[in-house]
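A quick write-up on the structure given underneath.
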Amino acid sequence: MSEPAPISVSFEFFPPKTEEMEKTLWESITRLAPMTPEFVSVTYGAGGSTRERTHATVKRILAETSLTPAAHLTCVAATRGEVDEVIRSYWDAGVRHIVALRGDPLNGIGARYEPHPGGYVNAADLVAGIKRLAGFEVSVSAYPEKHPESPSVAEDIDMLKAKVDAGATRAMTQFFFENDCYFRYLERVRARGIGIPIVPGILPVQNFKQTRAFAERCGAGVPRWLAQRFEGLEEDVATRKLIAAAVAAEQVLGLVEQGVRQFHFYTMNRADLVYAICHLLGLRPATAREAA
Ligand code: FAD
C-alpha cells in the first residue's frame, strides 16, 4: 500500500492596523514559520481598504522570512487599470501567488453587489485578468454551505467552475464546523468535473461570540453542539481556549481520517491554537526535524 501524501498547511493573516497588532502578527508569523507552510496568505480589506497595508505585510514576509506569501486581492470598487496596477506591483516585488476574490459589496454583506464600471465583474473575470498579466499561481474561494448571495449550491459550483476555467488551481473553503457538509460539497464539485484541490478552511474558535457573528454574515452554519460546548464560558478565557483546541482537533482529525491532507488555517493573527493543531497533525518545527 502506498504511503499517504504528507500533510500540508497554509496560514491566513490579516494586515495589522496598529503597531501593537503588527507586533502580535510578527510574533505569530515567527512562531508558525517553522511549521513550513506551503504558503502564508495576507487578506485584502473590504473594498480594497487595506491595499497599502496588505502590500507592506506581503513585502515584509518576502524580505524577512523564507515563507512564500500569497496576496489576497479583490475587484470591488476599482477599475481594471487600478487592479492591474496592484497585480503588476506584486509581480515586480517577487510575489507569485494571488488569492483572487470578488469581495463583498461596498455597502456591506447582504447589500446588492454592483461591479465597478470599468472594473472586473466577478472573481472569474479577475482570475482571467491576473493570468493574462503574468504567470501567477491563482487560488480562489469555495463555499461548502453556499455563498449567501448565491441562489443555489449548483450555481455556486458553476461560479467555482468558471474560476477554474479562468486559471485558478486551488480553492480554499469558507470555514465550516460540520465535516459532512464539506464532503457532500466535495462530491458535487467533483461530479461537476472540477479537479483542483478544495482545501478546507479551518477557523479555530478563539472567540465564540465573534465567530457566531461572523458566521451569520458569511453564511456558515454554527451547529447547536458547538454553541453548547462554549456555553457559560464567556468570562473564562482559559477554558474557552482548551475547548477551542479540542473542537479544532476533533475537526481536523476527522478530516484526516477521511483522506484530507491539506489545510488552510484562519489564524486571526494568533499562533497558539494553530501551532497546537499542526503539531497534532504530525507537523514538527523544521529545526527539530532537521536535528532528529
Ligand atoms: P465569487 O466566487 O465570485 O462568488 C461567490 C458566490 O456568490 C458564487 O457562487 C456566485 O454564484 C455568487 N454570486 C456572486 N456574485 C453574485 C451576484 N451578483 N448575484 C448572485 N450571486 C452572485 N474578502 C475580502 O474582502 N478580502 C479578502 O482577503 C478575502 N479573503 C477571503 C478568503 C477566503 C478563503 C474566502 C472563502 C473568502 C474571502 N473573502 C475575502 C470574502 C469574499 O470576498 C466574499 O465572500 C465575497 O462576497 C465573495 O467573493 P468571492 O470571490 O468568494 O465570490
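The values are calculated or read from the model by the stated rules, or taken from the named source; none is laboratory data. Only a predicted model underlies this, so the values are computations on that prediction, with no experimental measurement involved. Glycine also receives a Cβ, built like all others from the backbone with ideal geometry; neighbour counts cover every protein chain displayed. For the accessible areas, the whole protein counts, side chains as well, though only heavy atoms, and no ligand, DNA or RNA atoms are used. Shrake-Rupley method; radii C 1.70, N 1.55, O 1.52, S 1.80 Å.
What the table below lists for this structure:
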| item | result |
| --- | --- |
| Qualifying residue in region 187-194 (condition: under 20 Å from L255 (Cβ atoms), of a type in the set (V, I, T) and touching a Phe, Trp or Tyr at 6+ places or on another chain (Cβ under 9 Å)) | no |
| Test for P6: is it surrounded by fewer than 15 Cβ atoms within 10 Å (Cβ to Cβ) and either part of a loop (DSSP other than H, G, I, E, B) or β-branched (V, I, T) (or both) | yes |
| Meets criteria (part of a helix (DSSP H, G or I) and within 13 Å of V205 (Cβ to Cβ)) for L255 | no |
| Selected residue (only one of R184, R188 is open to solvent by 30 Å² or more (accessible area, probe 1.4 Å), assigned to a helix (DSSP H, G or I), under 27 Å from A5 (Cβ atoms) and within 13 Å of the ligand (Cβ to nearest atom)) | R188 |
| Region 48-67, subset part of a helix (DSSP H, G or I) and open to solvent by less than 30 Å² (accessible area, probe 1.4 Å), residue farthest from the ligand (Cβ to nearest atom) | I61 |
| The lone exception for E12 - which of (1) within 15 Å of the ligand (Cβ to nearest atom); (2) farther than 23 Å from R284 by Cβ it fails | (2) |
| Region 19-42, residues that are under 14 Å from A271 (Cβ atoms) and acidic (D, E) | E27 |
| Residues being closer than 20 Å to V86 by Cβ, open to solvent by 30 Å² or more (accessible area, probe 1.4 Å) and in contact with a strand residue (DSSP E or B) (Cβ under 8 Å, 6 or more places away or on another chain) - total across region 13-42 | 1 |
| Residue in region 231-239 that is within 16 Å of the ligand (Cβ to nearest atom) and among the hydrophobic types (A, V, I, L, M, F, W, C) present | no |
| Search result, residues across region 148-167 that are surrounded by fewer than 17 Cβ atoms within 10 Å (Cβ to Cβ) and in contact (Cβ under 8 Å) with a residue 40 or more places away in the chain | P148, D165 |
| Sole residue being surrounded by 15 or more Cβ atoms within 10 Å (Cβ to Cβ), near the ligand (Cβ under 7 Å from one of its atoms) and more than 21 Å from the chain's Cα centre (by Cα), chosen from Y120, Y143, Y113 | Y113 |
| Some residue of region 72-95 being within 12 Å of the ligand (Cβ to nearest atom) and surrounded by fewer than 19 Cβ atoms within 10 Å (Cβ to Cβ) | yes |
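Each row is one residue, and each column tells you yes or no for (1) open to solvent by 90 Å² or more (accessible area, probe 1.4 Å); (2) of a type in the set (G, A, S); (3) at pLDDT 95 or above.
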{"residue": "I194", "(1), (2), (3)": "no, no, yes"}
{"residue": "G201", "(1), (2), (3)": "no, yes, yes"}
{"residue": "K209", "(1), (2), (3)": "yes, no, no"}
{"residue": "R217", "(1), (2), (3)": "yes, no, no"}
{"residue": "L255", "(1), (2), (3)": "no, no, yes"}
{"residue": "G282", "(1), (2), (3)": "no, yes, yes"}
{"residue": "T287", "(1), (2), (3)": "yes, no, no"}
